[in-house]
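See below for the structure under consideration.
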Amino acid sequence: MRKEIPENFIPFNKPGLAGKELEYISRALEAGHISGNGIFTGQCQALLEKELSVGRALLTTSCTHALEISAILLDLSPGDEVIVPSFTFVTTALAFVMRGARPVFIDIRPDTLNLDEDRLENLITGRTRAVVPVHYGGVACEMEKIMEIARRRGLTVVEDNAHGLFGSYRGRPLGSIGELAALSFHETKNFSCGEGGALLVNNPELVERAEIIREKGTDRSRMFRGEVDRYTWLDLGSSYIPSDLLAAFLLAQLEEREKIRAGRRRIWEYYYRNLGPWAEDRDIRLPPRPPPDREPSHHLFYLLLPSSRIREKLILHLRDRRIHSVFHYLPLHLSPMGRRFGGEEADCPVAEEISGRLLRLPFYNDMKIEELQRVVNAVKDFSA
Ligand SMILES: *Cc1c(COP(=O)(O)O)cnc(C)c1O
């Protein structure tokens, strides 16, 4: 049942249609193929491979599952370590923990809130196998330095690119830089089919095994391509393939990528322009404009308030004006699960300090100018 959105209420996120979603879903039904790997899955994958210049894109049931496939591909042994930012979504770490790895939490930079590459080398031990940069808000991490360290120290780089689809770093699409990358098409992300994701495989040696893991440990994909005449159980894996109905919905969104990207840029710029002087006068920080060597995806817009007390006051102030604003990640190293891996020993002062002060403003693809104006006016109306 649909949750009623009261009139006049501006939600934090709202799923929308970019164009042909419903038409494509009907077509998938008419084609008589609504399980996975149908024509729409193939089209989404081809589009991602072309636009992102990646060797292989495989749609998955979520970004979490794409990260889980990455973790299986890494052949982790218990006690192996994977370096993840503390300031990220749970599954950036959990997917690797599921394979027996120990998450090692790295702090973030105070400007981009991306992992602090200057701290990376110090966290590497003889057991470190991988590092998982998250392009927070769709602004690239310092990939050159991260890749250089990873190459020199023999680590695999898995980009968690849940936020940054179609963003880039020095001309390279996000998700095409590490050996592996994961995308999310969850309802809250820039491009969505409700729940979904993709694994991007940039190392050609990993492609065949990635397909097998995604297909319940079997070589069914090879059978569909006519390379073998029956399929068999070969490896670990699970049921990681989304329905073609979801791929149909997603393709409609991906096809409208220029419209969606331009719309999100407009929202970001509107907030930035209209809240800039107000914020400066009040010791409130906005996300910095990224350096010119990287194109952001404009996934979110936040305010960094002077204290968590003021943040709570602003949330209530906006709620009174029928506007939903939300905070973001709680540092993973201090979570009950993070502590089981020695999280309280982790040195992540920036994540700890920023997490309690960050507030995200409403941000969705078909946000109207009147809604943006209302949010900006309500924020400016706030006095701590
Ligand atoms: C949303 C998100 C995920 C998880 O995505 P799902 O598709 O919901 O599994 C992982 N990492 C980051 C950084 C995210 O924002």
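Does GLU280 satisfy being charged (D, E, K, R), under 30 Å from GLU370 (Cα atoms) and open to solvent by 30 Å² or more (accessible area, probe 1.4 Å)?
yes
Can you name the condition, by its number, that ILE72 falls short on among (1) closer than 30 Å to ARG119 by Cα; (2) within 14 Å of the ligand (Cβ to nearest atom); (3) not in a loop (DSSP other than H, G, I, E, B)?
(2)
Sort out which residues of the range 167-189 are assigned to a loop (DSSP other than H, G, I, E, B), open to solvent by 20 Å² or more (accessible area, probe 1.4 Å), more than 8 Å from the ligand (Cβ to nearest atom) and more than 13 Å from LEU199 (Cα to Cα), and write them in order of number.
ARG170, GLY171, GLU187
Starting from the range 84-104, keep only residues that are more than 9 Å from the ligand (Cβ to nearest atom), then list their pairs with residues that are of a type in the set (Phe, Trp, Tyr) whose Cβ atoms are within a distance under 6 Å, requiring at least 6 positions of separation or different chains.
SER86/PHE105; PHE87/TYR329; ARG102/PHE341; PRO103/PHE341
Take the residues in the range 190-203 that are near the ligand (Cβ under 9 Å from one of its atoms) and part of a loop (DSSP other than H, G, I, E, B), then tell me which one is farthest from ILE177 (Cα to Cα).
Filtering the range 190-203 for residues that are near the ligand (Cβ under 9 Å from one of its atoms) and part of a loop (DSSP other than H, G, I, E, B), the one farthest from ILE177 (Cα to Cα) comes out as GLU195.
I'd like the full set of residues that are under 17 Å from GLN253 (Cβ atoms) and open to solvent by 20 Å² or more (accessible area, probe 1.4 Å), limited to the range 190-206.
Listed by number, the residues that qualify are GLY194, GLU195.
On the given criteria, is ALA130 without any contact (Cβ under 8 Å) to a residue 40 or more places away in the chain, touching a Leu at 6+ places or on another chain (Cβ under 9 Å), open to solvent by less than 10 Å² (accessible area, probe 1.4 Å) and not hydroxyl-bearing (Ser, Thr, Tyr)?
no
I'm told LEU59 meets every condition in (1) in contact with a Pro (Cβ under 7 Å, 6 or more places away or on another chain); (2) part of a loop (DSSP other than H, G, I, E, B); (3) not acidic (Asp, Glu) except one. Can you identify the failing condition by its number?
Exception for LEU59: condition (2).
Looking for something open to solvent by less than 50 Å² (accessible area, probe 1.4 Å) and among the hydrophobic types (A, V, I, L, M, F, W, C) - is there at least one such residue anywhere in the range 31-41?
Checking the range 31-41: at least one residue is open to solvent by less than 50 Å² (accessible area, probe 1.4 Å) and among the hydrophobic types (A, V, I, L, M, F, W, C).
With respect to the numbered conditions (1) open to solvent by less than 50 Å² (accessible area, probe 1.4 Å); (2) within 14 Å of the ligand (Cβ to nearest atom); (3) under 19 Å from ARG129 (Cα atoms), which one is the sole condition not fulfilled by LEU59?
(3)
The values are calculated or read from the model by the stated rules, or taken from the named source; none is laboratory data. Predicted model, so just to flag it, every value in this text is computed and none were measured. Neighbour counts run over all protein chains shown; Cβ positions are idealised from the backbone, glycine included. Side chains are part of the model used for accessible areas, which takes the heavy atoms of the whole protein and leaves out ligands, DNA and RNA. Shrake-Rupley method; radii C 1.70, N 1.55, O 1.52, S 1.80 Å.
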